[in-house]
Protein chains: 2
Amino acid sequence: VRAFGRQEACPEEITGVEWFRGNFNDPQAVNAAVESADIVIHAVSTTTPHTANLDKTGDIIANVVSTVHLLEACRNFDVQRIIFLSSGGTVYGIPSVVPTPESAETAPISAYGISKLSIEKYLALYHHLYGLEYRILRIANPFGPHQEYRRHRGVITAFLNDALNNKPVHIWGDGSIVRDYIYVDDLVNAIILSMTHQGKDRVFNIGSGEGRTLNELVAALERSLKRPVPVQYFETRATDVPCSILDISLAQEKLGWRPQVPFEQGLDRTIAWARGYNALARKKEGASRLRLAGE
Amino acid sequence: VRAFGRQEACPEEITGVEWFRGNFNDPQAVNAAVESADIVIHAVSTTTPHTANLDKTGDIIANVVSTVHLLEACRNFDVQRIIFLSSGGTVYGIPSVVPTPESAETAPISAYGISKLSIEKYLALYHHLYGLEYRILRIANPFGPHQEYRRHRGVITAFLNDALNNKPVHIWGDGSIVRDYIYVDDLVNAIILSMTHQGKDRVFNIGSGEGRTLNELVAALERSLKRPVPVQYFETRATDVPCSILDISLAQEKLGWRPQVPFEQGLDRTIAWARGYNALARKKEGASRLRLAGE
């Protein structure tokens, strides 16, 4: 197993993988990682639904163009299959049906969703022209341990980060926005199943099939943390679809997959991890303060 | 009325327009043409269904990225509306329904079709985020006078060019490929109607609604020219969809448009133009040979 990323070294938590350091926009670095690989799992994105809109052409070049280079590498190195982690929350736009099946109209309201959709189309093209096998997982909002806090990524991690640091959580809009949350272990199982799946279906929604408002998320956090979590509300963002719940029956039927970790259990595990992570972060911060003081 | 293109000067046939010379990938040149315009008709493509596949990333950058720059210019200069000439023959891929309505699945089997579809999505995004009004015309195979002969563009013009020069016409595949042909004057009427159209429908198929095989096209040419047209057959190309006929009922109903020039009449007019054009070309060629001989 190999992993590819921008960091100098493989994250400590991951063991037993060969680390390839590089930028996704560097064809040579991508080639080195892809050469002699059997299966490629494409989970790179340089943007978020929020940031992609701020630089739409940059988003196209960094993500769509770089992915076409990756597909070219897969083709040249005879990769057997590529799994692409697409976005169940953005490719449909404001969904015409809820829960939304894979066959629903794809009308993204964010540059991020357009890029993901374009990449999906190039995967189908490489299959059509060159026989490169692929599966696309349109993922709901993933959460769980090791999702580190970064701006505009992973609302549960962001909420947790603020709550554990005794800061109010930030909500854009009135908190009525509905999302579908999928626990990381369930997502990993879907990826594993998609690596060997046979059949004509190649695009699968991967979510819980259940919707939760942001306010319900806060309430769930309060139950798990056993204390109130204050909220600060901001103006609605134009790229947020009001409601996203995925219809996951195709993955259940054809991939033999179903989510196994109940939401509350996933949340408790994530809180346990985040507490350790925050404690560690404070310790490191303390240590670096000590070092600074001793300098 | 302004026109924008790479040529030094406006084509002689077009009068009464202000000519803006520039490359579509040059934002400054595009800005100059768009500034203070009310309506922009986007008919630029730097690739064809055949060439786009040969350089997929180049196609994305030249067409999708440049169009996002154009949309940004439209937004900055308060353009009221943009009309985009999309591709009815490639955005659907191998059509799930024939004749194909606008609501059919869009699964392109060419990089050209993916780019056109991506551009459509960015138009919808700019409408959603910034209120830029738009209409998309998914055009069948246009033909008619002034479609100059260039490789991989306009099969009727290509056939005519070969036939009038006493060369066999070239067909990829066995000639059973079905296409929908739309005469240029009918297309222009559709563009004019889409400039003022009000209503929630923004994507319209513009074709004849009738299918013709390539072999039928040759037969029609033979009838019009009153002589046999020899054919040379080549291997099928992977990017050619077997059958493309557009369902044009939405444009008829909502745009109040319908094709008015019967195919045979359009073909006769095109032949008349091509004969003059070829005679002129021969005269120019003769003149340049004379010049060469006199040098």
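Mind checking whether some residue in segment B:42-49 is part of a strand (DSSP E or B) and either farther than 23 Å from B:ASP185 by Cβ or touching a residue at least 24 places away in the same chain (Cβ under 8 Å) (or both)? Checked against the condition, which is being part of a strand (DSSP E or B) and either farther than 23 Å from B:ASP185 by Cβ or touching a residue at least 24 places away in the same chain (Cβ under 8 Å) (or both), segment B:42-49 yields at least one hit. If you scan segment A:91-116, which residues turn out to be within 11 Å of chain B (Cβ to nearest Cβ), open to solvent by less than 30 Å² (accessible area, probe 1.4 Å) and under 17 Å from B:HIS128 (Cα atoms)? Listed by number, the residues that qualify are A:VAL91, A:GLY93, A:THR106, A:PRO108, A:ILE109, A:SER110, A:ALA111, A:GLY113, A:ILE114, A:SER115.
Taking residues in segment B:124-138 that are facing chain A (nearest Cβ under 7 Å), and partners anywhere that are open to solvent by less than 30 Å² (accessible area, probe 1.4 Å), the pairs with Cβ atoms closer than 6 Å and at least 6 places apart or on different chains are B:HIS128/A:ILE109. With respect to A:ARG223, is the statement that it is under 23 Å from A:HIS146 (Cα atoms), basic (Lys, Arg) and not in a loop (DSSP other than H, G, I, E, B) true? When the stated conditions are applied, A:ARG223 passes them. A single entry from A:ALA37, A:ALA9 fulfils the requirement of being open to solvent by less than 40 Å² (accessible area, probe 1.4 Å), more than 14 Å from chain B (Cβ to nearest Cβ), at negative phi and hydrophobic (A, V, I, L, M, F, W, C): A:ALA37.
Might you let me know whether segment A:226-248 holds any residue that is under 30 Å from A:VAL79 (Cβ atoms) and not in a loop (DSSP other than H, G, I, E, B)? Yes. Being touching a strand residue (DSSP E or B) at 6+ places or on another chain (Cβ under 6 Å) and surrounded by 24 or more Cβ atoms within 10 Å (Cβ to Cβ) is the filter here, so list the residues in segment B:117-134 that pass it. The answer is B:LEU123, and nothing else. Within segment A:57-73, residues that are facing another protein chain (nearest Cβ under 10 Å) have Cβ atoms under 6 Å from residues that are of a type in the set (D, E, K, R) and part of a helix (DSSP H, G or I) in these pairs: A:VAL68/B:LYS56, counting only partners at least 6 apart in sequence or on another chain. Scanning segment A:40-50 for residues that are within 14 Å of chain B (Cβ to nearest Cβ) and open to solvent by 50 Å² or more (accessible area, probe 1.4 Å) yields a total of 1.
The rows are residues; the columns are (1) surrounded by 14 or more Cβ atoms within 10 Å (Cβ to Cβ); (2) touching a helix residue (DSSP H, G or I) at 6+ places or on another chain (Cβ under 6 Å); (3) acidic (Asp, Glu).
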{"residue": "B:VAL188", "(1), (2), (3)": "no, no, no"}
{"residue": "B:THR239", "(1), (2), (3)": "yes, yes, no"}
{"residue": "B:CYS243", "(1), (2), (3)": "yes, no, no"}
{"residue": "B:ASP247", "(1), (2), (3)": "yes, no, yes"}
{"residue": "B:LEU250", "(1), (2), (3)": "yes, no, no"}
{"residue": "B:ILE271", "(1), (2), (3)": "yes, yes, no"}
{"residue": "B:ARG275", "(1), (2), (3)": "no, no, no"}
{"residue": "B:LYS283", "(1), (2), (3)": "no, no, no"}
{"residue": "B:GLY286", "(1), (2), (3)": "no, no, no"}
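Looking at B:ILE82, is it modelled with pLDDT of 95 or more, more than 12 Å from every other protein chain (Cβ to nearest Cβ), open to solvent by less than 10 Å² (accessible area, probe 1.4 Å) and in contact with a helix residue (DSSP H, G or I) (Cβ under 6 Å, 6 or more places away or on another chain)? In short, yes.
Somewhere in segment A:112-127, is a residue at pLDDT below 95 and not charged (D, E, K, R)? No, the conditions are met nowhere in segment A:112-127. So for segment A:17-24 (the condition being in contact with a Phe, Trp or Tyr (Cβ under 6 Å, 6 or more places away or on another chain), open to solvent by 50 Å² or more (accessible area, probe 1.4 Å), of a type in the set (A, V, I, L, M, F, W, C) and within 24 Å of A:GLY144 (Cα to Cα)), does at least one residue qualify? No, there is no match, as no residue in segment A:17-24 is in contact with a Phe, Trp or Tyr (Cβ under 6 Å, 6 or more places away or on another chain), open to solvent by 50 Å² or more (accessible area, probe 1.4 Å), of a type in the set (A, V, I, L, M, F, W, C) and within 24 Å of A:GLY144 (Cα to Cα).
May I ask you to verify whether B:GLY88 is within 13 Å of another protein chain (Cβ to nearest Cβ) and either open to solvent by less than 10 Å² (accessible area, probe 1.4 Å) or polar (S, T, N, Q) (or both)? Even if it seems obvious, please write down each step before you answer.
On the way: within 13 Å of another protein chain (Cβ to nearest Cβ): no; either open to solvent by less than 10 Å² (accessible area, probe 1.4 Å) or polar (S, T, N, Q) (or both): yes.
In short, no.
The values are calculated or read from the model by the stated rules, or taken from the named source; none is laboratory data. Worth saying up front: this structure is predicted, and the values here are computed from it rather than measured. Counting neighbours? That spans all protein chains shown, and the Cβs are built from the backbone with ideal geometry, glycine included. Please note that ligands, DNA and RNA were not included when accessible areas were found on the heavy atoms of the full protein model with its side chains. Shrake-Rupley method; radii C 1.70, N 1.55, O 1.52, S 1.80 Å.
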